[in-house]
Amino acid sequence: MKPGVSFRALLTVSVLIGSLCAGTQIAVSQTIHAILVGNTTDPNIGYGDKLDLDLIRGLLQDASRITGAPLKMKIFDDKIPRSQVMDTVKNLTPGSNDTVVFFYTGHGYRMRSFKEKWPAMALDGDRGGSAGLDLKWAYDVLKKKNPRFLLVMADACNSVLPEGSVDTYLSVSAGGENAASYRKLFLEHKGGILASSSVPGQYSYSGTSGSQFTVQFISSIKSELALPNPTWKAVMTKATRSIMGGQQQPQYAMDGAIGENRDPNPVPYKEEEIYRDDDSRPSGKMFGSLLVTMESNIPYSAQTKQWTGMRPGWIGRVAQAEGNLEKMKTELLLFEKHILWNAQKSEWKQRRDAWVGRVKSAGSVSKLADPLMEVEGSIKEGTFISLWARERPGWVQNVKNLSGGGGGDSYREERPVPGGSFGNLLIEFEEGVAGSAKSDDWNRGRNGWKSEVVSAGNDVSRLRQLLLDFESHIDYAAQKSDWPQRRPQWLNRTGSASTISVLKESLAQAEDSMNTSDQTQSWRQRRGSWLREVQGLR
């Protein structure tokens, strides 16, 4: 996500530029080839992604118009199947004197197994669900085609997702128009640059004019184009200045250093879930981080129509307001103001004025912890996205820590986690199964399934059907060889279950049917305590 600054989980920009060196005679037939990919239909980041595509498209059109080089451009701005993007990259046939540009804006991510520090792009699977594509793959394939100038750039997150959660394929208007400067950058240079909008583990940001790195890149290149002797080193030095007070730090390497792009810290990053929007959460456990974390788990349908446009700027102001009591009060009040009444509990109307008073009278940021818990508790349980059921306990503890550990009357009595114990354990099991071990169509209904589990509570008849439904979407190849013989008896027992006690046995048996290699690494670490919780169900 991108704030305006806005954070986005799935946003990292990587720029890989190959074929850059000055002083060569340019052939008349020189062509600029471009492949632009943008997730413009995403309900949360789509607006910013469209602006990004417009910025890059405008830059390329200026380059074509001013230099006279023809522009051949392919744009994916709605459906972006991985196979079509890969085919377009593989089938491109540039001449040795041509320029090639590949630009992606959308969700991005990495996994612990990634050896290099560049992200993967989150695209569409051919039969539904998500499919990842390593950005470096696009660079490597296009580099082998030996164009004169190669720019591969992606604006997407570089935060860490659980291993196996995504099927990943590895490996503006012109200012001072100076035709000679455009030719030097786009048609005459050779060399190589690899860059990213954020270092591993970081989110990237967006704004009302587009993604922060893309905007900074455009601004940098435009300033260089106004000079008589622009260089790509100067462009990238300016383009990779820190963003949001260092919360987003772009990175780049040039020429021979591109081969030295191993991630220097491949293990410590916290794994992140794929959230309903864009993982727009600042790092750390400060008040602003906790506020944005909670807000990012509320769907837009529970917020006013104006919030969609206001949210990027709001997230940026929250990030900048850390430690500033008065500013944080203002942003907390603004957030609550844009929650719809029908998404809040009926008694909130009577309690709200007192809540506003407590916010305004808070004498320190830590004193805002109670009001933060209050407003979270004012929202109807079924309103939050399903993943909040799992994230909320840790969030509550962090809020309590912020207030000094005690907490106020507003949250002394913990709200039960939606879905009940069995539902939570069922969702955990599903998340522990690698994405590659589930049927191709599972991701299309996955969020709806989770919501049903949450709303089922302790309704045995609904829970048993939800367990059966998930098991039916696990590939046989991911289950032990004896499961086809054991499964009919399991189906019969599960389908006739009338108590949680019987269901818990079926849940444990379903988990035991899995090959360890088809479960995520984090699940293997969690499995022992999960089994103890299952066995302790009543």
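The values are calculated or read from the model by the stated rules, or taken from the named source; none is laboratory data. Since we're looking at a predicted model, the values are computed, not measured. Ideal geometry is used to build each Cβ from the backbone, glycine not excepted, and the neighbour counts take in all protein chains shown. Side chains included, ligands, DNA and RNA excluded: accessible areas come from the protein's heavy atoms. Shrake-Rupley method; radii C 1.70, N 1.55, O 1.52, S 1.80 Å.
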- Message: Just the residues that are more than 13 Å from residue 298 (Cα to Cα) and small (Gly, Ala, Ser), please, taken from the range 333-355.
- Response: 346, 354
- Flagged in the range 285-310 as in a helix (DSSP H, G or I) and open to solvent by 10 Å² or more (accessible area, probe 1.4 Å), in numbering order, are 293, 300, 301, 305, 306, 308, 309, 310
- Message: Looking for something under 14 Å from residue 152 (Cα atoms), assigned to a strand (DSSP E or B) and open to solvent by less than 10 Å² (accessible area, probe 1.4 Å) - is there at least one such residue anywhere in the range 81-90?
- Response: no
- Query: Is the range 41-64 home to any residue that is under 16 Å from residue 183 (Cβ atoms), surrounded by fewer than 19 Cβ atoms within 10 Å (Cβ to Cβ) and of a type in the set (Val, Ile, Thr)?
  - Reply: no
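Just to be sure I understand, how many residues within the range 441-470 are among the aliphatic types (A, V, I, L, M) and under 23 Å from residue 131 (Cα atoms)?
Within the range 441-470, the subset among the aliphatic types (A, V, I, L, M) is 453-454, 456, 460, 463, 466-468.
Still in the list and also under 23 Å from residue 131 (Cα atoms): none.
Looking only at that region, the number is 0.
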- Residue count, the range 436-464 (criterion: at pLDDT 80 or above and in contact with a strand residue (DSSP E or B) (Cβ under 8 Å, 6 or more places away or on another chain)): 2
- Message: From the list 133, 161, 150, exactly one residue is surrounded by 19 or more Cβ atoms within 10 Å (Cβ to Cβ) and modelled with pLDDT under 85. Which is it?
- Response: 161
- Task: Quick one: in the range 465-481, of everything that is of a type in the set (Ser, Thr, Tyr) and within 20 Å of residue 495 (Cα to Cα), which residue is modelled with the lowest pLDDT?
- Result: 476
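Can you tell me how many residues in the range 91-112 are in a loop (DSSP other than H, G, I, E, B) and either at pLDDT below 80 or under 26 Å from residue 448 (Cα atoms) (or both)? Before the answer, list the steps.
Within the range 91-112, the first condition is being in a loop (DSSP other than H, G, I, E, B), and the residues that meet it are 92-98, 106-107, 111-112.
Checking the rest, the ones that are also either at pLDDT below 80 or under 26 Å from residue 448 (Cα atoms) (or both) come to 106-107, 111-112.
Count: 4.
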- If you go through the range 447-478, how many residues are at positive phi and open to solvent by 60 Å² or more (accessible area, probe 1.4 Å)? 0
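Residues of the range 69-80 being part of a loop (DSSP other than H, G, I, E, B) and either open to solvent by less than 60 Å² (accessible area, probe 1.4 Å) or hydroxyl-bearing (Ser, Thr, Tyr) (or both), which ones? Write out each step before concluding.
The first filter runs over the range 69-80 and keeps only residues part of a loop (DSSP other than H, G, I, E, B), leaving 69-70, 77-80.
69, 80 - these are the residues of the range 69-80 that are part of a loop (DSSP other than H, G, I, E, B) and either open to solvent by less than 60 Å² (accessible area, probe 1.4 Å) or hydroxyl-bearing (Ser, Thr, Tyr) (or both).
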- Task: Return yes or no: is residue 49 within 14 Å of the chain's Cα centre (by Cα), assigned to a helix (DSSP H, G or I) and either closer than 25 Å to residue 309 by Cβ or at pLDDT 90 or above (or both)?
- Result: yes
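Output the helices (runs of 4 or more DSSP H) that fall wholly within the range 480-538 and possess 2 or more residues being closer than 19 Å to residue 432 by Cα and open to solvent by 20 Å² or more (accessible area, probe 1.4 Å), or say none.
Values: elements: 483-495, 500-512, 521-535.
Those helices (runs of 4 or more DSSP H) span 500-512, 521-535.
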